[in-house]
1. Please give the calculated 222 nm ellipticity per residue for the chain, where each DSSP H segment of at least 4 residues contributes -39500 (n - 2.57) and the sum is spread over every residue; nearest 500 deg cm²/dmol?
2. So what are the ³J(HN,Hα) numbers for segment 59-68, from phi and the Karplus equation (6.51, -1.76, 1.60; θ = phi - 60°), rounded to whole Hz, Gly and Pro as x?
3. For Val159, what residues show an amide H to amide H distance below 5 Å, using hydrogens built from the backbone and excluding near sequence neighbours?
4. Using a ≥ b ≥ c from the Cα gyration tensor of segment 1-140 (square roots of the eigenvalues), is it rounded, prolate or oblate, where a/c under 1.5 gives rounded and otherwise the larger of a/b and b/c decides, a/b for prolate?
5. List the residues, sorted by chain then number, that are 5 or more residues from Phe93 or on another chain and whose placed amide H is less than 5 Å from its amide H.
6. State whether segment 81-196 is rounded, prolate or oblate according to the following rule on the C-alpha gyration tensor (a ≥ b ≥ c being the square roots of its eigenvalues): a/c under 1.5 gives rounded; otherwise a/b larger than b/c gives prolate, and the remaining case gives oblate.
7. Please get the size of the charge dipole for segment 95-186, origin at its Cα centre, with Cβ charges of +1 on Lys and Arg and -1 on Asp and Glu, quoted in debye to the nearest 20.
8. To the nearest Å, what is the center-to-center distance of segment 163-196 and segment 93-114, using C-alpha atoms only?
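Values in this text are rule-based calculations from the coordinates and carry no lab data. Everything quoted here is computed from the prediction, not taken from an experiment. Note: ideal-geometry Cβ built from the backbone for every residue, glycine included; neighbour counts use all protein chains shown.
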Amino acid sequence: NRNVVILISGGGSNMAAIVRAAEQQRWQARHGIRIAAVVSNRADAGGLAFAREHGIATEVLDHRAHSSREDFDAALARTIDGHQPALVVLAGFMRILTPAFVTHYAGRLVNIHPSLLPAFTGLHTHQRALDAGCRFAGCTVHEVTAELDAGPILEQAVVPVLPGDDAQTLAARVLSQEHLIYPRAVLAHLLRQPAG
Ligand code: GAR
């Protein structure tokens, strides 16, 4: 079995897209891929209810209950490792991860970022793309390395910036593409790994 652990902080629409793809494409029966757990650093993350309704174990680990980033990441890794993951998927997980955490999951940690990397790392990507006068925007699935939003690119999608766009309308157009490319990239990445 290849277990996947998904980390969220909020609405979890990318997590939901991956769970739906796994169900519809029968990842478990066809590839032995199982969404083993959804972990959130916030108890009020909207995605937790969706995960439970789909029979997926959920765990909440509040970063504010830990005195340092190192401490939180160590606890997070223990929680994740309880599910023996072949892949850890960051899906709107809004915490910067320590080098120790990233090293621990080297080669099995991926993220989705709402810009065409290497442009617009960090936050407020859509407003910054609008401010820069970009005609195109998009999203990137990449491997996570110690440097923020800088690991090897696995997949990207492009959308036009349209007249009258604001950060919200652009974000929605990009997000609909995230939901297409992230499940695809996760499956492709898992199928490239030797079966565990
Ligand atoms: C997504 O747009 C994702 O790309 C972005 O947060 C949103 C989460 O939405 N991630 C980052 O900005 C990471 N720094 P979701 O919770 O509905 O998947």
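1. Values: 7 runs with 76 residues, N = 196.
Counting only the DSSP helices, I get -11500 deg cm²/dmol.
2. 9, 10, 10, 7, 4, 6, 7, 10, 7, 9
3. Under 5 Å from the amide H of Val159: Ala137, Gly138.
4. It is oblate, given that a/c is not under 1.5 and a/b is not larger than b/c.
5. Excluding prolines and chain starts, which carry no amide H, the hits are Ser9.
6. prolate
7. Numbers: 6 positive and 8 negative charges, 27 e Å.
Dipole magnitude for segment 95-186 comes out near 140 debye.
8. 17 Å
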